Amino acid sequence: MTALMELHGVVRRYGDRVALKVDHLSLEEGRIVGLVGPNGSGKTTLLRLLAFLDRPDEGTILFRGEEAQGRREALRREVTLLLQEPFLLKRSVFENVAYGLKLRGEKEHLKSRVDEALRSVGLDPARFARRLWFQLSGGEAQRVALASRLVLRPRLLLLDEPTASVDLHSASLIHEAVLRARRDWGTTLLLVSHDLAWLYDVAEEVVALYGGRVSERGPENLVAGPWIQSKEGVLKRRLDDGQILVASGSADAKALAALDPSSVVVSLDRPQGTSARNLLKGTVSQMTYENASGRVLVKVLVGGLALTARLTDHSVRELGLHPGLEVFLLIKASAFRWL
Amino acid sequence: MTALMELHGVVRRYGDRVALKVDHLSLEEGRIVGLVGPNGSGKTTLLRLLAFLDRPDEGTILFRGEEAQGRREALRREVTLLLQEPFLLKRSVFENVAYGLKLRGEKEHLKSRVDEALRSVGLDPARFARRLWFQLSGGEAQRVALASRLVLRPRLLLLDEPTASVDLHSASLIHEAVLRARRDWGTTLLLVSHDLAWLYDVAEEVVALYGGRVSERGPENLVAGPWIQSKEGVLKRRLDDGQILVASGSADAKALAALDPSSVVVSLDRPQGTSARNLLKGTVSQMTYENASGRVLVKVLVGGLALTARLTDHSVRELGLHPGLEVFLLIKASAFRWL
Amino acid sequence: NAPVLRMATTTSTDNTGLLDYLAPLFKAETGIELQWVSVGTGKALELGKNGDVDVLLVHAPAVELQFVEAGHLVNRRQVMYNDFVVIGPASDPAGIKGKTVAEAMKVIAEKKALFVSRADKSGTHTAELGLWEEAQVPVPDKEQWYVQTGQGMLPTINIAGERDGYTLTDRGTFIKYEANHDGNPPLVILVEGDAVLRNQYSVLAVNPANHSHIAYDLALKYIDWMVKPETQKAIGEFKLMNKQLFFPNAGK
Amino acid sequence: MDYILEGFSIAIGLLLSADEETFSAVFTTLRVSTLSIFTSLLIGIPLGFILGYHHFPGRRLARTVVDTLLALPTVVIGLLVYAFISRRGPLGELGLLFSLKGVAIGQVILALPIVIALTASAVEELDERLRQTLLTLGADSKGLALSTLWEARYAVLIAAITGYGRVISEVGISMMIGGNIKWHTRTITTAIALETGKGQFGAGIALGLVLLALAFIVNVGVSFLRRRATA
Amino acid sequence: MDYILEGFSIAIGLLLSADEETFSAVFTTLRVSTLSIFTSLLIGIPLGFILGYHHFPGRRLARTVVDTLLALPTVVIGLLVYAFISRRGPLGELGLLFSLKGVAIGQVILALPIVIALTASAVEELDERLRQTLLTLGADSKGLALSTLWEARYAVLIAAITGYGRVISEVGISMMIGGNIKWHTRTITTAIALETGKGQFGAGIALGLVLLALAFIVNVGVSFLRRRATA
Ligand SMILES: Nc1ncnc2c1ncn2[C@@H]1O[C@H](COP(=O)(O)OP(=O)(O)OP(=O)(O)O)[C@@H](O)[C@H]1O
Ligand SMILES: Nc1ncnc2c1ncn2[C@@H]1O[C@H](COP(=O)(O)OP(=O)(O)OP(=O)(O)O)[C@@H](O)[C@H]1O
Ligand SMILES: [Mg+2]
Ligand SMILES: [Mg+2]
């Protein structure tokens, strides 16, 4: 497989703050890639660079192996981005979706293509095509914005939170639309979402961003401070219910700790004699199938903190886990990574 | 418990279309109520009426038992709404959060109250307070908008998709903030979200809207057409993988069918001799704890359709359900309700 | 399409309606269409110098002669005159009625009675400056009682009327002013008839040597037409409120 | 006060009797102002777009210069244009003096700063997401400009209306360049100046009312167009 | 062309020699235009807000009327004000004729439609979410108006700049009401008209340049303020 886009040594700053610093990242042609990371981690910043809306302050971006600089206007016709905040032109829904096609001079079958795009996001053209931009609900507007990108059949489709205010049924339609785009037009997809259940279901591969840097480990749990330096040379974080989280290493009180879900062990009973420093009691709140790994992500609420563990379906079955169940989490103090 | 707000015979139209028609709805003081419904079902329309941003075309709204009409400006200080699309004033983050307090002349402890509000949505005042409105990521902006409502300590707090583009950690902070508002200030809350896992976790009670009408049955599965009228007098819907859904009653091809999750039965093996007309094979994709009922919502993907079943934790454990597992769903043709 | 002759003239000939009266007669006789712009005398001379018009009808003899001398204008012919009058409020606070112009000006200056001056280098203004000299009073530039408007004749009279001041005007404009007030104006003629008060109008052609494009032949035709007896008679017959405004004096 | 009442009755008389001189001035005014405003919009809207949209070095200075030119008096524009098109001027051969084309040149100079400044401000006020949306939909620079202006259409319309009001009401340029020649370059405003100079204040006000009636008709048309574009 | 060069050299001469007459006119211009524009903004911005924000019956007509008044010629305003404040007029007792206050009244009438129309359009262009946000934060009608105007501050500033350009460059009102009285009510523009009438075209252009220099200084100040408000 060849790389559709590649980033080398890319840095993007806002003022003095570095918002993104990617040494190397490549997007394989025809893949469906998920992008996760906490708020402010640089996801939108990255998508803007990939869509040629912004230029990196440093580094190069390759499109099909060739330097993109100098042919950005042409490349913008191959790549399209659904913005995080949907924005519609002050025209009818039909005109919004047809806009990109008209720009490209593709006026044949205009109506049928627009109708098809609207249908693919669950909007009935007969009811919606003639509505004006302000006559829509939030989720409807979001889907019109998506339809206006899908209709373009781009090489690369970048979706920034496509399901943010979309109902469940539409989310599954968008899921289908994504798969269809890849199947019918060979579109490569990069999807940002905080709806991990949806994302893990669609994406074949998930990349995570933390503080503007790509993490090779995939999505992780994040624990924010305040951390207290204890005498024993470890850092402690008091949870809302009085339990205490212990992490080794050194960091300041406001530091953010990352924890790989694979290194969280779930147990039904309080285990005796374990080497793990952390033994926390919590309640399973959600279990999600992760398409990329074939595993199950188990979200456990521990004293106001949501920690996710990645388990095989075998162990899930063995333990008889289900939402609402009380469990214990075992985590080594050394499993935390400081960001 | 007394009703903080009550709606009687309220109708709201956009042009000729009726967007909302509520015969009766009452919000008990001090409750945390969830509001769900598909896109365009009228949730935002309802919140706008409750926040006194719009007036109903018909019907009356009572606040603490008294007609609200005529004292809307005063009541707007008791009720506040987080808009679905966050919008910040063209000022610094600090000024955005302080705005409502300054309006009310509450200038004492201004800084500490603003800082507290920012912290409660996971934003470090030292890093964010002086930023300008455009120097924020989507999720950060959303949280600033939320902080500017939380700081007001309103009687009624209406949140329209507070977690739409917010990361998991912040979503749990918002969860805490909601509980704290109720505990410390007795705030009544009405929360709209498509993130059902989050909502079910927070809300004590969930109301559903379909096509502008309140459903007493709570949230339901929705199945869109095309429905085909068969000779046997039932309606059939072909799923992507070839399986067929059967519903009784009469409706046109584009009709929307609702299905109560409690009437979906999950089985591990293909049952022999059942009275249910539908026997569908699918895969469990997510399991969520429902705070309001103490039950588990099991989401099953069936040929591109996501159907949710509501089970007791007992049966979940008994069946050994886990995400990724293949299961059969049993649904009576008569369980569908036409909307 | 009739041949077009362009003329620059002062506002007094236009505002009184004289040109509206003469132009159709000229067209009927010669087939030439007269188009005129009415501006300040200084601007009219400048337009002539630049060759933007073909012919001039103005009333500032001294300046006209300078322009002729400099070779900008040729063929100066006297056409008609009217006269200047000193007007003021009927109550005549300074008591100048019946005096000679020189005495009147002197009294005005002594009593510091309000005097409104056009101060715009127009024919009237030039004449007023001459009167101060005659009265041996230095031009009272910064005196409180000396109001310099820098505007046309009618606006200046109006200002004098509003302020109960004296001013110098040509008779034609004054008659127009009287007419505007239905014959009952706040200001009346107090001094008139002095020889120094004569206001001479002349026609001049733009020098074709400087500007090849100008309609010199039409300009000559016009000048000839203006000075010929029939036209002169017509000018004499032009009346406003039954009063004669201009006195033909071609060739005199 | 009398003048005003007199003005109304004269105005009605002029319009009812279809007074030839008045109608000639109305027609001349319409011709020259239409020519001027369309030329100004044609030049000014693209320049305003560039000024409001692109971040080039010297942009702030350019904006300040345009804002300054809003204070250009019509007499001065008249003089400057005259300096060029007078017979002794570099463009004297074209015979633009005392012609409506000449007046239009001056009026374009008058309206341009208004159209540019207000278009630039309209474009600047637009949501940053618009630019991003247009680019992600594949707009090239032409599409970007056209669509941006279309999104800002109401504000650009106000620029046009303000420019038109300025052009139709100006007198300095029409007087200096047009020369107020009866039946040829006499516009409503130069006719008003003439009447006022003669002391015929009532007639001046009457012509002013005629001008406003004209502007009102134009604006009713614009407001109708605007309503259609919204619905 | 010569006039323009001549104009430049005269302008420099006037400024360097601190010519008394010129400076008197500059000072008078500044005094009256400042008074006029501030009064216009004080009245016009609230009216513009109401027109752009509230949906009252007759609003469309009101907008069309304001747009029409953009075409009000200064001579006509001069005549109307004259009719009121002349000695024979109802306000004759106040002695406003030939005073700067009288001129300011006329200039306020001139600038008001500009300020109102542009403020209304600025307010109209604002995001609907702004209104909703302000209301949900508990703004009363005063807070709503102030905050809305603050959000539209750049567009309102352009209204002010356009109005100021109009006021400082007008000549009809200053001439008619002020009377162009030397040392008293002579402004730069009436002085230009006078010089032009005298055929002193170079001097006219020179004074025009002085006026532009003045406007430039004002606009540099505004642009500086604007920059501070952004950063
Ligand atoms: N215009 C700007 N000026 C200054 N800082 C900015 C600007 N835009 C974004 N930032 C900052 O850059 C960082 C990265 O922002 P970005 O929008 O890429 O985050 P994100 O990962 O998309 O977050 P979210 O999940 O909230 O959308 C954030 O810390 C944000 O505050
Ligand atoms: N201004 C408007 N004019 C006309 N129709 C409107 C307008 N606003 C909303 N609607 C329609 O009214 C219905 C209800 O809209 P509303 O915004 O309340 O939905 P919602 O439940 O909030 O949806 P979402 O989940 O997408 O936010 C929708 O069908 C929508 O298209
Ligand atoms: Mg983002
Ligand atoms: Mg909504």
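Assorted remarks:
- Hey, residue D:134 among the hydrophobic types (A, V, I, L, M, F, W, C), closer than 18 Å to residue A:91 by Cβ and at the interface with another protein chain (Cβ under 10 Å from one of its Cβ atoms) or not: yes
Results for (1) away from ligand 1 (no atom under 16 Å from the Cβ); (2) buried (at least 24 other Cβ atoms within 10 Å of the Cβ), shown as yes or no for each residue.
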{"site": "B:94", "(1), (2)": "no, no"}
{"site": "B:101", "(1), (2)": "yes, no"}
{"site": "B:105", "(1), (2)": "yes, no"}
{"site": "B:110", "(1), (2)": "yes, no"}
{"site": "B:113", "(1), (2)": "yes, no"}
{"site": "B:117", "(1), (2)": "yes, yes"}
{"site": "B:129", "(1), (2)": "no, no"}
{"site": "B:138", "(1), (2)": "no, no"}
{"site": "B:146", "(1), (2)": "no, yes"}
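- Top-ranked residue of the stretch E:1-36 - restricted to ones that are at pLDDT 85 or above and outside any helix (DSSP H, G or I), ranked as surrounded by the most Cβ atoms within 10 Å (Cβ to Cβ): E:19
- The set of residues in the stretch C:230-250 being farther than 19 Å from residue C:175 by Cα and in contact with a Lys or Arg (Cβ under 8 Å, 6 or more places away or on another chain) consists of C:250 alone.
- Residue check for residue A:21: touching a Gly at 6+ places or on another chain (Cβ under 8 Å), within 16 Å of ligand 3 (Cβ to nearest atom) and within 27 Å of residue A:223 (Cβ to Cβ): no
- So residue A:165, is it within 16 Å of ligand 2 (Cβ to nearest atom), assigned to a helix (DSSP H, G or I), touching a Gly at 6+ places or on another chain (Cβ under 8 Å) and among the hydroxyl-bearing types (Ser, Thr, Tyr): no
- Among the conditions (1) under 29 Å from residue B:6 (Cα atoms); (2) surrounded by 23 or more Cβ atoms within 10 Å (Cβ to Cβ); (3) away from ligand 2 (no atom under 16 Å from the Cβ), the only one that residue B:176 does not satisfy is (2).
- Any hit, the stretch B:27-36, residues being under 28 Å from residue B:198 (Cβ atoms), acidic (Asp, Glu), under 19 Å from the mean Cα position of the chain (by Cα) and more than 16 Å from ligand 1 (Cβ to nearest atom): yes
- Pairs with Cβ under 8 Å, 6+ apart, first in the stretch B:98-113 and more than 13 Å from residue B:147 (Cβ to Cβ) and within 14 Å of chain E (Cβ to nearest Cβ), second small (Gly, Ala, Ser) and surrounded by fewer than 19 Cβ atoms within 10 Å (Cβ to Cβ): B:103/E:143
- Pairs with Cβ under 6 Å, 6+ apart, first in the stretch B:213-230 and of a type in the set (Phe, Trp, Tyr), second at pLDDT 80 or above: B:227/B:235; B:227/B:237
- Residue match in the stretch A:43-65 (condition: at the interface with another protein chain (Cβ under 8 Å from one of its Cβ atoms), more than 10 Å from ligand 3 (Cβ to nearest atom), aliphatic (A, V, I, L, M) and surrounded by 22 or more Cβ atoms within 10 Å (Cβ to Cβ)): yes
- Of the strands (runs of 3 or more DSSP E) lying entirely inside the stretch B:255-339, those containing at least 1 residues that are aliphatic (A, V, I, L, M) are B:256-259, B:265-267, B:278-290, B:295-302, B:305-311, B:326-331.
- Helices (runs of 4 or more DSSP H) contained in the stretch C:9-116 and holding at least 2 residues closer than 28 Å to residue D:75 by Cβ: C:11-15, C:18-30, C:41-49, C:61-69
- Yes/no for residue B:197 being in the same structural domain as residue B:138 (by TED's automatic domain parsing), away from ligand 2 (no atom under 16 Å from the Cβ), within 17 Å of residue B:81 (Cα to Cα) and not charged (D, E, K, R): no
- Subset of the stretch B:232-244 [within 14 Å of chain A (Cβ to nearest Cβ), within 30 Å of residue B:317 (Cβ to Cβ) and surrounded by 15 or more Cβ atoms within 10 Å (Cβ to Cβ)]: B:239
- Residue check for residue C:153: within 14 Å of chain E (Cβ to nearest Cβ) and buried (at least 22 other Cβ atoms within 10 Å of the Cβ): yes
- The set of residues in the stretch B:114-154 that are under 20 Å from residue A:36 (Cα atoms) and not charged (D, E, K, R) comprises B:121, B:122, B:123, B:136, B:137, B:138, B:139, B:141, B:142.
- When A:262, A:248 are checked against the criterion of being surrounded by fewer than 17 Cβ atoms within 10 Å (Cβ to Cβ), more than 27 Å from residue A:197 (Cα to Cα) and among the hydroxyl-bearing types (Ser, Thr, Tyr), A:248 stands alone in meeting it.
- Set B:106, B:73: member being more than 28 Å from the chain's Cα centre (by Cα) and charged (D, E, K, R): B:106
- Residue B:191 being of a type in the set (A, V, I, L, M, F, W, C), more than 10 Å from chain A (Cβ to nearest Cβ) and more than 15 Å from ligand 3 (Cβ to nearest atom): yes
- Test: residue in the stretch B:70-84 that is among the β-branched types (Val, Ile, Thr) and either over 25 Å from residue E:139 (Cβ atoms) or within 14 Å of chain A (Cβ to nearest Cβ) (or both): no
- Residue match in the stretch D:157-169 (condition: buried (at least 20 other Cβ atoms within 10 Å of the Cβ), within 23 Å of residue E:158 (Cβ to Cβ), within 22 Å of the chain's Cα centre (by Cα) and of a type in the set (Lys, Arg)): yes
- Condition met for residue C:217 (farther than 30 Å from residue E:93 by Cβ and either surrounded by fewer than 20 Cβ atoms within 10 Å (Cβ to Cβ) or under 21 Å from the mean Cα position of the chain (by Cα) (or both)): yes
- Residue, farthest from residue B:49 (Cα to Cα), within the stretch B:13-27, restricted to residues that are part of a strand (DSSP E or B) and among the charged types (D, E, K, R): B:17
Yes or no, residue by residue, for (1) surrounded by fewer than 18 Cβ atoms within 10 Å (Cβ to Cβ); (2) under 22 Å from residue E:171 (Cα atoms); (3) modelled with pLDDT of 95 or more:
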position: E:55; (1), (2), (3): yes, no, no
position: E:66; (1), (2), (3): no, yes, yes
position: E:90; (1), (2), (3): yes, no, no
position: E:95; (1), (2), (3): yes, yes, no
position: E:112; (1), (2), (3): no, yes, yes
position: E:120; (1), (2), (3): no, no, yes
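- Of all the residues in the stretch B:137-162, those that are more than 16 Å from ligand 3 (Cβ to nearest atom) and either at positive phi or assigned to a loop (DSSP other than H, G, I, E, B) (or both) number 6.
The values are calculated or read from the model by the stated rules, or taken from the named source; none is laboratory data. Fair warning: this is a prediction, and the values are worked out from it, not measured in the lab. Ideal geometry is used to build each Cβ from the backbone, glycine not excepted, and the neighbour counts take in all protein chains shown.
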